[in-house]
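The values are calculated or read from the model by the stated rules, or taken from the named source; none is laboratory data. Computed from a predicted model, the values in this text were never measured in an experiment. Note that each Cβ is placed from the backbone with ideal geometry, even for glycine, and that neighbours are counted across all protein chains shown.
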Amino acid sequence: MHLALALKLTGRVADAVAVALAAFRRGGNSRAAPMLADCLRVARFEATTPELEASLASLLDVPAIDPADLVPAIVSALRVNAVLAPLLTEAGDDFAGRMRVALGVFDHPLLLRLMTLTVVYDAAFERFFTRARAALLFDGALRREVSCAFLTALAHQCFLVEYVYAESAAEAPAVEALAQEMAGGRCRPMRWPCLRATGRSDASRSPRRCAVGRSSRESRPSLRIR
């Protein structure tokens with residue numbers, strides 16, 4: 001870890017990340033994760049690989065690491081992910097159609113963990129979340145195609161940002177319609193409640209009740225939202 005620190009201090013951030021990343025992947029070194037996280041605070045990626053994204057997802061689950069500190073670096077990696085990148089651009093009006101082309105990204109482990117654990121403070125991702133929410137509200141078929149894990153993560157993200165995302169006049173009735181489906185017992189377990197939890201009228205309750213898989217770290221004192 002001394003080498004990674006020396007490289008970082010001399011401005012060779014990419015080399016420092018490479019050294020710290022290799023140590024983290026080898027495991028067995030309690031200093032590897034904190035050093036990698038420290039290097040990532042000033043690192044930005046211009047290319048990504050499945051191996052890199054898997055390592056970043058693993059780092060998010062280290063109890064001593066604050067996920068908020070990793071957001072800029074992870075966002076930079078996700079921005080250059082070939083499948084996700086087209087969804088982060090402004091081009092085109094058929095966002096639901098673009099989502100269908102990229103359905104695999106809605107099961108992306110790194111994206112889902114980031115959305116679940118901390119506020120993703122990036123303008124492009126905020127637009128992605130709000131446009132995805134709108135598309136899901138208005139397209140019943142798409143709601144059945146997108147993974148329940150993404151709906152859960154989206155509900156967590158809306159909860160973490162305290163429902164700050166704008167809700168259009170057209171979306172409000174759609175959210176209430178989902179509530180009526182839920183009340184009438186006409187909704188699919190998990191999917192509709194998770195999407196319903198993205199609406200502002202649900203700001204008083206956490207989406208944890210419809211979480212899929214391992215829950216977020218609400219109980220861990222190391223998680224700090226800044």
Out of the residues in segment 86-110 that are modelled with pLDDT of 95 or more and over 23 Å from G140 (Cα atoms), state the one that is surrounded by the most Cβ atoms within 10 Å (Cβ to Cβ). L110
Test: residue in segment 122-144 that is loosely packed, with under 14 Cβ neighbours inside 10 Å, within 30 Å of V62 (Cβ to Cβ) and modelled with pLDDT of 90 or more: yes
Hey, does segment 13-22 have a residue that's in contact with a Phe, Trp or Tyr (Cβ under 7 Å, 6 or more places away or on another chain) and assigned to a helix (DSSP H, G or I)? no
Can you run down the residue pairs with Cβ atoms below 9 Å, 6 or more apart or on separate chains, where the first is in segment 27-51 and under 13 Å from D69 (Cα atoms) and in contact (Cβ under 8 Å) with a residue 24 or more places away in the chain and the partner is in a helix (DSSP H, G or I) and basic (K, R)? M35/K8; D38/K8; C39/K8; V42/K8
Going residue by residue through segment 163-177, is there one that turns out to be at pLDDT 80 or above, part of a helix (DSSP H, G or I), hydrophobic (A, V, I, L, M, F, W, C) and under 21 Å from V71 (Cβ atoms)? no
Verdict on A96 being in a helix (DSSP H, G or I), touching a Phe, Trp or Tyr at 6+ places or on another chain (Cβ under 8 Å), more than 30 Å from D38 (Cα to Cα) and not acidic (D, E): yes
The condition of being surrounded by fewer than 18 Cβ atoms within 10 Å (Cβ to Cβ) and on the phi < 0 side of the Ramachandran plot holds, among V71, V83, V75, only for V83
Among residues belonging to segment 183-193 that are assigned to a helix (DSSP H, G or I) and within 19 Å of F150 (Cα to Cα), point out the one that is modelled with the lowest pLDDT. W192
Matching entry among A54, A73, A96 (being within 17 Å of the chain's Cα centre (by Cα) and closer than 20 Å to F128 by Cα): A73
Return a yes/no flag: does segment 71-87 have any residue that is touching a Pro at 6+ places or on another chain (Cβ under 6 Å) and closer than 19 Å to L154 by Cβ. no
Quick check on segment 1-15: of everything there that is surrounded by 16 or more Cβ atoms within 10 Å (Cβ to Cβ) and free of Cβ contacts under 8 Å to residues at least 24 places away in the same chain, which residue is nearest to the chain's Cα centre (by Cα)? D15
Within segment 28-43, does at least one residue satisfy the condition of being under 25 Å from A123 (Cβ atoms) and surrounded by fewer than 16 Cβ atoms within 10 Å (Cβ to Cβ)? yes
Answer yes or no: is there a residue in segment 23-39 that is at pLDDT 95 or above and not in a helix (DSSP H, G or I). no
Being within 21 Å of L59 (Cα to Cα), among the polar types (S, T, N, Q) and either at pLDDT below 75 or surrounded by fewer than 15 Cβ atoms within 10 Å (Cβ to Cβ) (or both): is that true of S216 here? yes
